[in-house]
Amino acid sequence: MKIIIVGCGKVGATLAEQLNNEHHDIMLIDKSADVINSITERIDVMGVVGNGAVYKVQMEAGIQETDLLIATTNSDELNMLCCLIAKKAGDCHTIARIRNPEYHSEINYIREELGLSLAINPEMAAAMEIARLLRFPSAIKIDTFAKGRIEILKFLVPDHSILHNMKVREVLSRLHCNVLICAIEHGSEVIIPSGDSVMVAGDKISFIASPAEANEFFKQAGIDNNTIRTAMFVGGGKITYYVAKLLESTKINVKILEQNMERCNELSELLPRAMVIHGDASNQELLLQEGIGQIDAFASLTGFDEENIMLSLYAASQSKAKLITKVNRIAFENIIDSMNLGSVIYPKLITSETILQYVRAMQNSMGSNVETLYKIVADRAEALEFRVANEPSIVGIPLEKLELKNNLLVAFINRKGQFISPRGKDTLEEGDRVIVVTTVTGLNDLKDILR
Amino acid sequence: MNKKVIIYLMGWILNIEAVFMLLPCITALIYKEPSGYWFLAVMAVCGGIGIIFTRKKPENMVFFAKEGFVSVALSWIVLSFFGAMPFYLSGEIPRFEDAMFEVISGFTTTGSSILTDVESLSQCMIMWRSFTHWIGGMGVLVFILSLLPLAGGYNMYIMKAESPGPSVGKLVPRVRSTAKILYTIYLFMTVLQIILLLIGGMPLFDSLAISFGTAGTGGFGIKNSSMAFYDSYYLQGVVTVFMILFGINFNVYHLLLTRHPKEAFRCEEARAYLGIIAASVLFITFNIRGSFGSLFSAFHHAAFQVASIITTTGYSTVDFNLWPEFSKGILVALMFIGACAGSTGGGFKVSRVVILLKAVKKELGSLIHPRSVKVLKLDGKPIEHSVLRSINTFLGAYIVIFTFSVLIVSLDNFDFATNFTAVAATFNNIGPGLAGAGPLENFSKFSALSKYVMMFDMLAGRLEVFPLLLIFAPSTWKNS
């Protein structure tokens, strides 16, 4: 597909890289020639320097042959204008990043009137992920398939756990849980496990199950999954606001620490149920005074990555709370992963992932049939949901007879709302939706699972 | 430096060269020439080494500007070395430096020859010699890029190092698709020329060899008298037109193909290029009208020679060494201007000249109005400071290399016009110079040292100086 990306900030550049890896033709538009130069040197894409909302610039970027325009500049208004003009000039799909909460409250109206295919709010997306994690604190990461009826959860195997040194095939017999272990992260290695793979304390395990089964699994495995009653948020930014708003209807008590008095007033006005505290979170005394030792969850969501990391490490030393750390720039992902920071939230990755899912779905109507896509480990392992078409090389053949690629697992079959954990004798039928977990990235079609 | 990737790339270069050698093998088969066995032997060696080097793809494919420059420069040296082997081993060009000179002259699309009698070579050797022009015209690594998905995003570094011009633009977002488009245009135009020459009654062998020479803007003659042998206005006219066409920035053709004629005609470089040609032809026609029978004949030969020199091809229909000094002066000036960036031609490139002239004008303006601010533009777009800076540096390096080359070649004690134009002709990848290096002369008279200097000049000229300088810089090879 031909895709134009307007604005090459953090999200724009990540998107360009990932979409390029999936063999789309990418055109970039940015005001700064330096930004364009540095990206085109690194990635195989082309750039136009100029204001993306100008008709002439869009024409130069070839808007008329373009299938999709993604506007991710730092101005909501500019993004909307870009999309509006692109819609008129090129009659293409458009995706805009709109992050102002004022616009967000009427996002459906805006989307309708501007003809946007998707309006993405990075803070909202991050907030939703955080809210989901707070509801399921043992998991580091949760993604949903099949409209939330199936989840893919990632958790850390604790020391002295029953899972330590357990083979994957023993899970069913010893824990009596029907969950499917689909990826093991051992150090920097990602393994798609077979029955003989062994789990060790310190590994990060991803598994697929329905929410009820997941709960049962955690219980059997001796991992406490206590519900959260109090959560502390440091930094009163947009994400914090959205999370607090989402949690308003739950029983979780929210405590927000914010340095800026004015923002405190605003938050307290917008969030009547939350407790807003004015103070500097890098002050240990304040944290202790506000009961950091007793809280169930602690999320550091300030604008500074370093501060977030330090705060989370401090919280880990003081309490057993569920930790959530926001990281904006991912320069040292390996290092970050090796620290005990709980769930790490990368807003720009969440945004680009959401857009990527949309692009894949779009391609779906143009031939490929990927329904949804989740990155289990950034760029290294992904879970894909396919719709099975009438493909004679796959349909009706028992899985054990299919010559599947290495490091690939057919993890789940959804047959008309009935969920099947596939075994060797099971077959795929037309109309099924299957979840495939793999370290082979860039699959576009179910046929690609074959060798 | 990631040496494994470079070795892997060299392996591919050898594989491709082995494939390219099929053409002279077929030629030898048709003409039943025993010297074809040397091609088979060299092919086997190239392919063998190539397969060993490319057997395993290196795990670490990290590739940066340094690797790009080094692999481009090395690949041209490797290519030339193996390309020279058939000439040397078969004994048709008995001296090693002569064989190397001939092949480097071929790959760099120069067209200077050390052969005193071209026609004494076997047909397969002549075909290989002309074919090297075609291979070298568009660049070999770019060709490999269009075939293999190599180093992901980093292949821009290779494209930058191998394509001529101050700033390399892609036609479409992907380097691979860009390379494919360029090669398609290249191939199509070559085939078109072959057909037109065949219609004019030229034998198939000759039209293939001549078209390869024109497409790469190389200029190896396959007759001792170069293009004067084909005494036909039509055949020479076709070659004139195609030389000019191959000297135009290929972006223009892509714009025409994608139905953007307005942008195509607005391309400042192409307009300047055609303007320079028109003016030069006009002046030379006027200057030489006395020595030809008709004004048309004078125009015809002026046009051929101008097209041949400015596109750095180097065919000739007359001995322009005998022309008046004014005409010769124009031709020498054209040698330095060269063709458009993004074409197969060599030289300093019209776009660089245009930008430099604009910069001079701006400097003059700022002397009169010291506080004036003016942004330089090309094709309506501002020229980035880094581009201007790179052109200035290029000019500096160009002058330094040129001066030293002339000094060394002067040791052979020929007259100044010979030394100067011989270096100009090799450094700008043209072929013939003036006086002792003129169109009817050859380069065999120079000493071995001069030949090595000129080989360096040809490679430096084709790769735009820096890649070649870089592999001689010790810090390139240090692991730091």
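Out of all the residues in the range A:141-153, is one or more among the aromatic types (Phe, Trp, Tyr) and within 17 Å of A:PHE412 (Cα to Cα)? Taking every residue of the range A:141-153 in turn, at least one turns out to be among the aromatic types (Phe, Trp, Tyr) and within 17 Å of A:PHE412 (Cα to Cα).
Taking the criterion of being small (Gly, Ala, Ser) and either surrounded by 13 or more Cβ atoms within 10 Å (Cβ to Cβ) or touching a residue at least 60 places away in the same chain (Cβ under 8 Å) (or both), the residues of the range A:374-430 that qualify are A:ALA378, A:ALA381, A:ALA383, A:ALA389, A:ALA411, A:SER421.
Filtered by the rule that a residue be in a loop (DSSP other than H, G, I, E, B) and either modelled with pLDDT under 80 or under 22 Å from A:PHE419 (Cβ atoms) (or both), the range A:164-198 gives A:VAL168, A:ARG169, A:HIS176, A:CYS177, A:ASN178, A:VAL179, A:GLY187, A:SER188, A:ILE192, A:PRO193, A:SER194, A:GLY195. Of everything listed in (1) part of a helix (DSSP H, G or I); (2) outside the structural domain of A:SER300 (by TED's automatic domain parsing); (3) not β-branched (Val, Ile, Thr), the single unmet condition for A:ALA201 is (1). Which condition number does A:SER138 fail, the rest of (1) more than 28 Å from A:THR325 (Cβ to Cβ); (2) among the hydroxyl-bearing types (Ser, Thr, Tyr); (3) crowded, with 17+ Cβ neighbours inside 10 Å being met? The failed condition is (1). Within the range A:221-238, if we keep just the residues that are at pLDDT 80 or above and out of contact with any strand residue (DSSP E or B) (no Cβ under 7 Å at 6 or more places or on another chain), the residue that is nearest to A:GLU262 (Cα to Cα) turns out to be A:GLY237.
Take B:VAL387 and decide whether it is within 14 Å of chain A (Cβ to nearest Cβ) and part of a helix (DSSP H, G or I). Considered against the rule, which asks whether it is within 14 Å of chain A (Cβ to nearest Cβ) and part of a helix (DSSP H, G or I), B:VAL387 comes out as yes.
Elements of the type strands (runs of 3 or more DSSP E) sitting completely within the range A:353-451 and holding at least 1 residues that are under 17 Å from the mean Cα position of the chain (by Cα), within 28 Å of A:LEU118 (Cβ to Cβ) and of a type in the set (Phe, Trp, Tyr): these cover A:370-377.
Does B:VAL360 meet the test of being loosely packed, with under 14 Cβ neighbours inside 10 Å and among the β-branched types (Val, Ile, Thr)? Judged against the criteria, B:VAL360 is a match. Would you check if A:GLU290 is of a type in the set (Asp, Glu), under 24 Å from A:GLU123 (Cα atoms) and not assigned by TED's automatic domain parsing to the domain that holds A:LYS204? Spelling it out, it is not the case that A:GLU290 is of a type in the set (Asp, Glu), under 24 Å from A:GLU123 (Cα atoms) and not assigned by TED's automatic domain parsing to the domain that holds A:LYS204.
Residues that are in contact with a helix residue (DSSP H, G or I) (Cβ under 8 Å, 6 or more places away or on another chain), of a type outside the set (A, V, I, L, M, F, W, C), over 20 Å from B:ILE126 (Cβ atoms) and modelled with pLDDT of 90 or more within the range B:21-65 comprise B:GLY47, B:GLY50, listed in sequence order. Taken over the range B:17-36, the criterion of being under 28 Å from the mean Cα position of the chain (by Cα), in a helix (DSSP H, G or I) and farther than 30 Å from B:PRO474 by Cβ is satisfied by B:ALA18, B:VAL19, B:PHE20, B:LEU22, B:LEU23, B:PRO24, B:CYS25, B:ILE26, B:THR27, B:ALA28, B:GLY36. Of all the listed residues (B:THR109, B:THR132), the sole one being buried (at least 20 other Cβ atoms within 10 Å of the Cβ), modelled with pLDDT of 90 or more and outside any helix (DSSP H, G or I) is B:THR109. Sub-8 Å Cβ pairs linking a first residue in the range B:315-328 that is among the charged types (D, E, K, R) to a second residue that is surrounded by 21 or more Cβ atoms within 10 Å (Cβ to Cβ), at least 6 apart or interchain, are B:ASP319/B:GLY438; B:ASP319/B:PRO439; B:LYS328/B:PHE320; B:LYS328/B:LEU434, ordered by first then second residue. Which residues, taken from the range B:263-318, are at pLDDT below 90 and of a type in the set (Lys, Arg)? B:ARG266, B:ARG289 - these are the residues of the range B:263-318 that are at pLDDT below 90 and of a type in the set (Lys, Arg).
Being in contact (Cβ under 8 Å) with a residue 24 or more places away in the chain, within 24 Å of B:ALA215 (Cα to Cα) and in a helix (DSSP H, G or I) is true for just one of B:PHE39, B:PHE53, B:PHE81, B:PHE69. Which residue is that? Result of the check over B:PHE39, B:PHE53, B:PHE81, B:PHE69: B:PHE39. When we screen A:ASN334, A:ASN265, A:ASN308 for residues that are in a helix (DSSP H, G or I) and surrounded by 22 or more Cβ atoms within 10 Å (Cβ to Cβ), the only hit is A:ASN308.
The values are calculated or read from the model by the stated rules, or taken from the named source; none is laboratory data. What you see is a predicted model, and the numbers here were worked out from it, not measured in a lab. Reconstructed Cβ throughout: ideal geometry from the backbone, glycine too, with neighbour counts over all protein chains shown.
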